[in-house]
Amino acid sequence: QSMFNESGPWKRDLWLAAERLELARFELADRLDEAYDEIAEDGFFYDPGTEVLYQVERDLLFSAYAMRRLIGMPTKITQKTAASRINIVNFPLKEKSKAPDFWDALGEADMYDFYTPTHLNVPVQKVCNYLVHSLFPRFAWTLPGVTFPNYWALPAGHDLSKQDPREFAGWLIASDYSSAKALTFVPLNEFVGAMKRFAEDDVTSLNIWTDAEGNRHFKAT
């Protein structure tokens, strides 16, 4: 028996990952501080934040794959949920700039224009594709009550720009699909909301029919 045909474990772990990511919004900065305090005390020679960030990145990429997997189960998830959309922000590639490759992803993302954002409402599946095929998922930080695009656009010397951004806001994604056009900001709250919709989704009615060409169709509600 293939587990790819069973949605229960996917939905269960998707919900658990959503809860962990919700906690990370306000706790991640403190967890990173604690990790660096440990290296000062114990003398480790590797980056102590790596494990902390890995756990968040693991939940992100697992969730993107899980939602794509559930969309591919037409009898296990309703069409309404499969067609869910979320709000994202695109920062365009600067004119005459080259899209980043793997090595560029390790440095600054200064090939993108953070001062001319475009706000979009797109299918969850599109965002999941970006994440699964990402060159890098970069963590985005802000201040409480300030959206990441507004925080990033603060002028130099602004009082808020002098504060330490300790709220985990989401991810900046450049995928092999989108990097030549824009860097995409995926807000944490938007993505977690989609995760929970998928995890809680229940099919109560299933209509199956075969068209004149013999193709089978499913409509789950």
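Some observations on this one:
- Considering the range 40-132, the qualifying helices (runs of 4 or more DSSP H), each wholly inside and each with 3 or more residues that are open to solvent by less than 30 Å² (accessible area, probe 1.4 Å), run over 49-71, 124-132.
- Here F139 passes the criteria (1) modelled with pLDDT of 90 or more; (2) buried (at least 20 other Cβ atoms within 10 Å of the Cβ) except the one numbered (2).
- Residues (surrounded by 10 or more Cβ atoms within 10 Å (Cβ to Cβ), of a type outside the set (A, V, I, L, M, F, W, C) and part of a loop (DSSP other than H, G, I, E, B)) located in the range 182-216: D201, D202
- Pick from the range 71-127, criterion farther than 30 Å from D202 by Cβ and small (G, A, S), ranking: modelled with the lowest pLDDT: A105
The values are calculated or read from the model by the stated rules, or taken from the named source; none is laboratory data. Keep in mind that this is a model prediction, so the values were computed, not measured. Cβ: placed from backbone, ideal geometry, glycine included. Neighbour counts: every protein chain shown. What goes into the accessible areas is simple: the full protein's heavy atoms, side chains included, and nothing from ligands, DNA or RNA. Shrake-Rupley method; radii C 1.70, N 1.55, O 1.52, S 1.80 Å.
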